[in-house]
DNA sequence: GTGAAAGCGCTAACAA
DNA sequence: TTGTTAGCGCTTTCAC
């Protein structure tokens, strides 16, 4: 079994307290003693039991992360960045995939709370902010990732999805598209935001919003995006006059749309220009390199990590012994931090109609 | 703050032990008492403090996972599968990326041990099995993932990389290739295994192994595979006679190789057939759909999860109080489990020379 | 500078 | 069926 402080203490004829202080560089320990302790600790390969430490300090040095799909490169990129950036601060990352299932997500939140994580980072699948209540009651700081709630003021890091939608749509307009359609994503804030941005860009340029130009990918728009994109694009292409530009909720649905277009013998971008969102890794190597909006997953992860680390110390430990009040008062410890990472347009062959780079 | 057992006990005029037993469906608790406890627990939104429970039971209900790169779809897929499959058993997953850095990996192992994880799952970047020592000393079961060590008999789940290499190479041979080259990966067991399989398949068919036909991707073969593949392929294509088939360590390097081939005005698969490994998600949508070996990431994750859960109960808690021996004896609790997930060939246009599907 | 006492929230053994 | 005692490994007062 692992060595304990007690083992070191007995070996050296010291008390556990002295060992504890020596190992944590407490000021009031003699230089000689400290060295002896450190030496013996190294010999034994001593590692402090973080579980025990957590129990007494109330800090677990763990950050919880819940994402809808860990295989999605956007969330995988964020997870990687968070993991790397909290590591030097001594934090560990407890990750779970909710599989886009609101019930699983709620269960995972409770699970993370039971584990006493210091902060929860959540890309929520829920329709409402109700699921945040458990965290608020436990006074566990939480950060919303990518997806927001209109009615909750919580910390948020992600894109301004209106900006995403406007950026993509303006690009299509600049490429000469005039009948621009949109493949709309599932019922989360990102889809609503991108749709709003799309409408705003059309309005700016005096382009009439044709109602049929917004096709819904349905609830499977995220994990089965390619199929959903194919089906939705076929519906759009049957219209007359045919759209000449298409802004897709994400890259997989854009790939599906491309397949539909090519199958009909139409050309991209000549007949219809297509842009996605997410900037998937090998977009350059596709049959037709896909223009996309890069969401800056790495930057998002870094900002989340910074915020999480700063919040982790915050957890309010007072109040327990004062009164028997079980329901906490809701004073939020700090003002909410809302951090929009600017999206970036990556134009490739699927939209470039004028041979400009 | 969160409710504790004590709160429930006081409210109901019971002892903490009774509450504890009631909440865990211990047999010797009266039905009426149990119901009262459960009811009050629900009212208070009680969640057991798993940190405290861990301290006393010695089980943390946590599994640690260390991968070289969480953004790599292979590892992301495994992580997702593990996470999903251990969840119903009540386990959480503590994940970290080692960034292909052996020192970071060793540090993360110590970190996970300090957190008392029940099992460590490791896709190791180390050159030797030395890094496994800490886990053995703490008697923490561990599972090697994807990458093995010749000198260590540890639990392993992954592909039989010789089979991977042979499968890919035999496919090229079947497509009529006779001068088959290989882009060799970095210094881990997967690369060595795939190379061996490549050689074996050549030998089976009496094809002479030309030494110049094995080009090294260098140490960056995993995270900067595309560039490395491009550079290595250019070297190969300068040979005379030119190779007519190419088995690449992974898909990114295959994309790089494709770029090199196309830049030279050669055709794929006419002049040279190319196959990768990993079966990246959108291989079908590439300029030339890429043949690849699917490693079965999901299946690997599932097997890891099963094994991890079965191992998690194993951790030997005896021996502590018997004698003062700090160094454990090395009796391994169970025979090592080696689980090869069969790789699967996915043939696409980049190798299909005979118009067969 | 060092250590004794107390306790974090929970569970395991044993007593009542 | 319920409660008492003890202790998991560590940190935090507060004496000495």
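A short reminder: the numbers here are calculations on the coordinates, not readings from a lab. Computed from a prediction, not measured in an experiment: that's the story for all the values here. In this analysis, Cβ positions are derived from the backbone assuming ideal geometry, glycine residues included, and neighbour counts consider all displayed protein chains.
Here are the numbers for the structure shown:
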read-out	value
Rule-of-thumb Rg ratio for the stretch B:1-157 [Cα; 2.2 N^0.38 Å; N residues]	1.34
Cα centroid separation, the stretch B:143-177 to the stretch A:70-122 (Å)	32
Number of partner chain Cβ atoms within 10 Å, mean per residue of A:15-25	0
Residue-averaged beta-carbon neighbours from other chains (10 angstrom radius) around A:282-291	5
B:171, A:26 arranged by Cβ crowding within 10 Å, fewest neighbours leading	A:26, B:171
GNM top mover of B:248, B:177, B:336 - chain B, alpha-carbon springs below 10 Å	B:336
Relative contact order (percent, whole number), the stretch B:161-294, Cα cutoff 8 Å, 6+ residue spacing	25
Per-residue average of Cβ from other chains inside 10 Å of B:71-82	5
Cβ-based exposure ranking for B:204, B:162, in which fewest neighbours within 10 Å come first	B:204, B:162
Chain A: most fluctuating residue of A:287, A:110, A:344 per GNM, C-alpha cutoff 10 Å	A:287
Spherically averaged projected area in nm², based on the convex hull that wraps the Cα atoms of the stretch B:161-294	7.0
Label geometry 7 Å along the beta-carbon vector: residue A:264 inter-copy distances in nm	4.1
Two-decimal Rg/Rh across chain B, once Rg and the Kirkwood Rh are taken from alpha-carbon atoms	1.13
For A:137, B:226, order by how many other beta-carbon atoms lie within 10 Å, fewest first	A:137, B:226
Whole-number percent relative contact order across chain A, with pairs defined as alpha carbons under 8 Å at least 6 apart	16
Per-peptide average of other Cβ atoms within 10 Å, ordering A:260-269, B:266-275 highest first	B:266-275, A:260-269
Over 17 Å [Cα-Cα, the stretch A:5-48], rounded percent	14
Residue of B:42, B:140, B:190 that the Gaussian network model of chain B assigns the largest fluctuation, springs spanning Cα pairs under 10 Å	B:42
Inter-copy separations for residue B:45, label at 7 Å along Cα-Cβ, nm, ascending	4.3
Whole-number D in µm² s⁻¹ for the protein assembly as shown, Kirkwood Cα-pair radius fed into Stokes-Einstein, 4 °C, 1.567 mPa s	46
Percent RCO, i.e. relative contact order, over the stretch B:247-295, from Cα pairs under 8 Å lying at least 6 residues apart	37
Antiparallel bridge percentage (DSSP; both residues within the protein assembly as shown; nearest 5)	10
7 Å along Cα→Cβ, label-point gaps from residue A:13 to other copies, nm, shortest first	5.6
